[in-house]
1. Can you confirm whether the stretch A:226-239 contains a residue that is in contact with a Leu (Cβ under 7 Å, 6 or more places away or on another chain), modelled with pLDDT under 90 and of a type in the set (Phe, Trp, Tyr)?
2. Among (1) more than 30 Å from A:ILE48 (Cβ to Cβ); (2) surrounded by fewer than 24 Cβ atoms within 10 Å (Cβ to Cβ), there is one condition A:ASP266 misses while meeting the rest; what is its number?
3. Specify the residue that is nearest to B:GLY290 (Cα to Cα); the eligible residues are those in the stretch B:20-43 that are surrounded by 14 or more Cβ atoms within 10 Å (Cβ to Cβ) and aliphatic (A, V, I, L, M).
4. Please find, within the stretch A:1-22, the residue that is surrounded by the most Cβ atoms within 10 Å (Cβ to Cβ) out of those that are touching a residue at least 12 places away in the same chain (Cβ under 8 Å) and more than 20 Å from the chain's Cα centre (by Cα).
5. Which numbered condition trips up B:TYR17, out of (1) surrounded by fewer than 24 Cβ atoms within 10 Å (Cβ to Cβ); (2) farther than 28 Å from B:LYS212 by Cβ; (3) among the hydroxyl-bearing types (Ser, Thr, Tyr)?
6. With respect to B:THR272, determine if the residue is over 17 Å from the mean Cα position of the chain (by Cα) and among the hydroxyl-bearing types (Ser, Thr, Tyr).
7. I want to confirm something. Restricting to the stretch A:163-183 and keeping residues that are of a type in the set (Lys, Arg) and surrounded by 12 or more Cβ atoms within 10 Å (Cβ to Cβ), which single residue is nearest to A:GLY197 (Cα to Cα)?
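The values are calculated or read from the model by the stated rules, or taken from the named source; none is laboratory data. Fair warning: this is a prediction, and the values are worked out from it, not measured in the lab. Neighbour counts run over all protein chains shown; Cβ positions are idealised from the backbone, glycine included.
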Amino acid sequence: MRILQYLINGISIGSVYAIIALGYTMVYGIAKMLNFAHGDVIMVGAYISFCVTSYLGLPAWAGVLAAVAVCTVLGVVIEGLAYKPLRGTPSLAVLITAIGVSYFLQNAAQLIWSSSPKNFSSIVTMKPISMAGGKLVITGEVLLTVAACILVMVGLTLFTGKTRTGKAMRAVSEDRDAAQLMGINVNRTISLTFAIGSALAAIAGVLLCSTVPTLQPTTGSMPGIRAFTAAVFGGIGSIPGAMLGGILLGIIETFSKAYLSTQFSDAIVFSVLIIILLVKPAGLLGRQMQEKV
Amino acid sequence: MKKLLNNKAARTNLITYLVVVLAFLAMQLMNSAGMLGSSMKGFLVPICVYISLAVSLNLLVGICGELSLGHAGFMGIGAFSGILIAALLKNTIPNDFLRLLCAMLGGGVFAGVVGFVIGVPVLRLRGDYLAIVTLAFGEIMKNIVGNLYAGTDAEGFHIAISTSRMPLGEGGKYIINGPLGATGIQKLATFSMGFLLVLFTLFVVLNLINSKEGRAIKAVRDNRIAAESVGINVTAFRMKAFVVSAFLAGMAGALFGLNYSSVTATKFNFNTSINILVFVVLGGMGNILGSVISATVLYILPEAMRSLQDYRMILYAIVLIVVMLCTWSPKVKEYLSVAADKALGIFRKKEVGTNE
């Protein structure tokens, strides 16, 4: 029974990683850049939701909506101001700019909301479900996180598979120049990707802070790195890969904390990542690109 | 001498050495004249450390073309092994300078060996994947060093990696105390040693770049497949650059560790790796003098802005973004050059006017 409980907890935290990892993977697939500021967009989303519910006293759904709206705009603005002018330059230049944006967001949050941690109240009011005589407890947060994760996954799969815009997105990630020749507006597609990724980050931020209630300007950086690892784990650029990677990473993390060692959980998670990459250099579901001479 | 000055590479190298030596002499003069504040004095050793780190990372990122996000990991290994060596040799080598030298060499060798061990599997990967694995490696190192216990007691020296505190016998004294880090370090680091370290790093890296090996490494960077097809052993050369870079980072780390009375493993985290990378990219990839200057300026910049308090890091972030846009973006560059032309044009017209 304990093993089942750990599995459920692992899937829950893994679902949050998966939603964040989707943002990383989509941006990487289309813009070919490591967006290190993504983790901080999560933090901004959580703060917005916190402000709307705590200061304005509005219900939780309004907080989530506000967070999604603000983060979507933020994502597009960041892309337009900082990344768009650098399109076509070496990826390192964009990477450093993304790091600059990350510093900027963290320090702006510190100025606005101060560095002292805020106590984020969960958006779920449901009572935990107790099974098997209290041995197996499923909280409302777990249910909501997993449901949100499945919803996002199904939604994105349908979007990229069925709609014209989604197909354009896939085309751009496959071959940007060819897509442009086919009349796809590449700039708009990239902006849209950032908008979707940032909206997902906002949702992830609210879910993350509902599970782990302390909120401070650095809240997003560690889950950001973890989720980034998850995206690579599953094969960066691949949407199902990000999902699988996120959930697997969550499970590995929970199990290594439970059965091996709490202190060494970081080392274990990252070692698994290294081993996976050595065996499958493109990640679990990533496509191995053939090199052309 | 004339031949030397005609050779472009040799000339740039000479300028690099000259700048460093002159900066050192100027600092020494200002120090003896009492012109340096106590905070500025505190910066001298870290600046030397970061210059060495930036130059050694530049070898990897700029010359070799491999993006590494775990340079702070090697720095951390160097720091902790250096601290251990310095503490253990306290009675064997009474001379501070010699002991510091041993600690730095030991730190470098340790980091170099770890670099080699990691390099064997990791260098099979390329590009962004290599970056991610080096990131993962940095985090693993931080995690392990954060749970490392070392100390001496009546029975001798003990070392353990464990989740709980390692017990020590009678008269036991911890040198490295798990998550609390190394405490009670004897501060051996001096500015002169920092200067020597910078010179040594420059000597190694510049000579490597302008050697047969360096040309091979650059060939691998520019076109791996072409390099392979003319018979360059790609893996061996990448490995050489990786190990040399790790060795130099370890030496710098040892000097860094011995500059403070206590150091924790969290100091050598992802952010530190990123900061060193920022020095390299802003200084210009592959440009060694650029790394030296940008490490100095960017280290002092946030400290100099301390009076702005809460705003200093946000300003630093803005400066970083703006500099990246101005140096890389084709549009912004074009706009700037047009603006510069206009400004110069006005200036020229005025000049013409005064001549009449």
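1. The answer is yes; a qualifying residue exists.
2. (1) is the only condition that A:ASP266 fails.
3. B:VAL20
4. A:GLN5
5. B:TYR17 satisfies every listed condition except (2).
6. In short, no.
7. Of everything passing the filter in the stretch A:163-183, A:ARG170 is nearest to A:GLY197 (Cα to Cα).
Yes/no per residue for (1) over 14 Å from B:GLY76 (Cβ atoms); (2) of a type in the set (D, E, K, R); (3) at the interface with chain A (Cβ under 8 Å from one of its Cβ atoms); (4) over 17 Å from the mean Cα position of the chain (by Cα):
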{"site": "B:LEU101", "(1), (2), (3), (4)": "yes, no, no, yes"}
{"site": "B:LEU105", "(1), (2), (3), (4)": "yes, no, no, no"}
{"site": "B:THR134", "(1), (2), (3), (4)": "no, no, no, no"}
{"site": "B:ILE144", "(1), (2), (3), (4)": "no, no, yes, yes"}
